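Participant: Okay, handing you the structure first.
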Amino acid sequence: MKKIFISAVFLVIAFLTIRSNINIIDKREKIDIPEKECYREICGTVEQGETLYDIFTKYKLDFEELLKLKEASADVHRLREIYPGQPYKIIIDDSSHINGFMYWIDDDNILHITRTESGFCAEKKTIEYEKKILHIGGIIKDNLISSMREGRENLMLALQLSDIFAWDIDFTTDLRKRDEFKIIVEGFYLDGEFKKYGDILSVEFINNGATYHAYRFKHNGEVDYYDAEGKSLKRAFLKAPLSFRRISSYFSYRRFHPILKISRPHHGLDYAAPQGTPVSAVGDGTVIFSGYKGQYGKIIIVRHPNNWRTYYGHLSRIEKNIKKGSKIKQGRIIGYVGSTGLATGPHLHYELRVKNKPINPLSVKVPRGRTVPQKLLAEFRDFKNKMDSQLVSITSPVFACVEKSKDNKL
Ligand SMILES: [Zn+2]
């Protein structure tokens, strides 16, 4: 009996160890610049509501020099625009005179102000990251975000993944426990430390027994994701009117955002979702009705090419400017989930009609968009084969850095 208990404990520990293999990635930096010994550095991060004036007050620095810094940088980056969470560095000499000032404008740019003989000189410098190609593998536990580990960057990766498959997989209702993903993605590093993800180059996603592939390919200056046959993953209709990205941002990136329930009691689909959840148009089209309509409550009806129509009912609110005749693009927010009309609780009633006949949106086959042009197919296949051989090598769950790219600048 004791033996069984010990093995069980061991198994749990082993499982937890494997699960935590995907790296936890943290923010931000400190770029060290060469300095002379007689200089001192003040390093900090802008706090909520803090101005440069406050920072100068805090460190008892000369306000005249602040004015000179502002003047010098006026054409490069206005010093009034400093934002909470962004790092800065002030280099001062023995008598507290400013010798240099650095401010991290965003993930890609730093403002550098240096003292020269003729006064301060400002320039914007691009942060030169080292680019690596990362292999990530994972298994779905409950939802996509919680299966991606903690941190802003992993959340961004999850959203990028959900965007790539938005025409095939509804990440709020389609995921199953033990679904698997393998991702090849660019990672940007500074001084050997991970800073952020770049573009996803390729993905293999096993969802409910079906395998989906995505390969990033650029032609005619346009980037798109293609399947193994070289067909764009884009389709005329999104898989669902409740976009995973929209929902995730609406619920302020909460780790466990609501898992939506879908049911099919009648002509359409019902998505049980919290009141106020944003509703997106599944395809390009023209609004033909927007307002109150009996049991549907507040509803928007959109006409799409080939006499297809989509219905979004029981809305709590219709987005401004969504009126009869409005032209809308795929993915645009048109309204918000509610329980107007004949509804017992907040849910979206979603209906798809072809020539006014309701059909099941989940079983309809919507053709894919464009394909890789014939003359580029060989190039696409080379890239695909290279990605495939890397995908095969990923044994999930794992986080590993494997390939150092030749071009290591942004
Ligand atoms: Zn319904």
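The values are calculated or read from the model by the stated rules, or taken from the named source; none is laboratory data. Because the structure is predicted, anything quoted here is derived from the model rather than measured. All Cβ positions, glycine included, derive from the backbone under ideal geometry; neighbour counts span all protein chains shown. Just so you know, the surface numbers come from the protein's heavy atoms only, side chains and all, with ligands and any DNA or RNA stripped out. Shrake-Rupley method; radii C 1.70, N 1.55, O 1.52, S 1.80 Å.
Participant: All but one of (1) at pLDDT 95 or above; (2) away from the ligand (no atom under 16 Å from the Cβ) hold for Ile259; which doesn't?
Facilitator: Unmet condition: (1).
Participant: Within the stretch 338-363, track down each residue that is assigned to a strand (DSSP E or B), more than 12 Å from the ligand (Cβ to nearest atom) and under 20 Å from Ile262 (Cβ atoms).
Facilitator: Matches in the stretch 338-363: Gly338, Leu352, Arg353, Ile359.
Participant: Examine the stretch 90-113 for a residue that is closer than 28 Å to Val185 by Cα, outside any loop (DSSP other than H, G, I, E, B) and without any contact (Cβ under 8 Å) to a residue 60 or more places away in the chain, and state whether such a residue exists.
Facilitator: yes
Participant: Residues of the stretch 89-103 being out of contact with any Leu (no Cβ under 7 Å at 6 or more places or on another chain) and open to solvent by 10 Å² or more (accessible area, probe 1.4 Å), which ones?
Facilitator: Ile91, Asp93, Asp94, Ser95, His97, Asn99
Participant: Restricting to the stretch 48-88, and then to whatever is polar (S, T, N, Q) and open to solvent by less than 40 Å² (accessible area, probe 1.4 Å), can you tell me which residue is nearest to Ser118 (Cα to Cα)?
Facilitator: In this case the residue turns out to be Ser73.
Participant: Would you mind stating whether Ala272 is modelled with pLDDT under 95 and over 29 Å from Met156 (Cβ atoms)?
Facilitator: no
Participant: Here is a further query. Which residues, counting only those in the stretch 305-325, are outside any strand (DSSP E or B) and open to solvent by less than 20 Å² (accessible area, probe 1.4 Å)?
Facilitator: Listed by number, the list holds a single entry, Ile322.
Participant: Could you check the stretch 273-304 and list, in sequence order, the residues that are buried (at least 17 other Cβ atoms within 10 Å of the Cβ) and within 11 Å of the ligand (Cβ to nearest atom)?
Facilitator: Tyr296, Gly297, Ile299
Participant: Go through Ala240, Ala214 for me and flag whichever is touching a residue at least 12 places away in the same chain (Cβ under 8 Å), closer than 25 Å to Pro274 by Cα and not assigned by TED's automatic domain parsing to the domain that holds Gly276.
Facilitator: One residue alone meets the criteria, Ala240.
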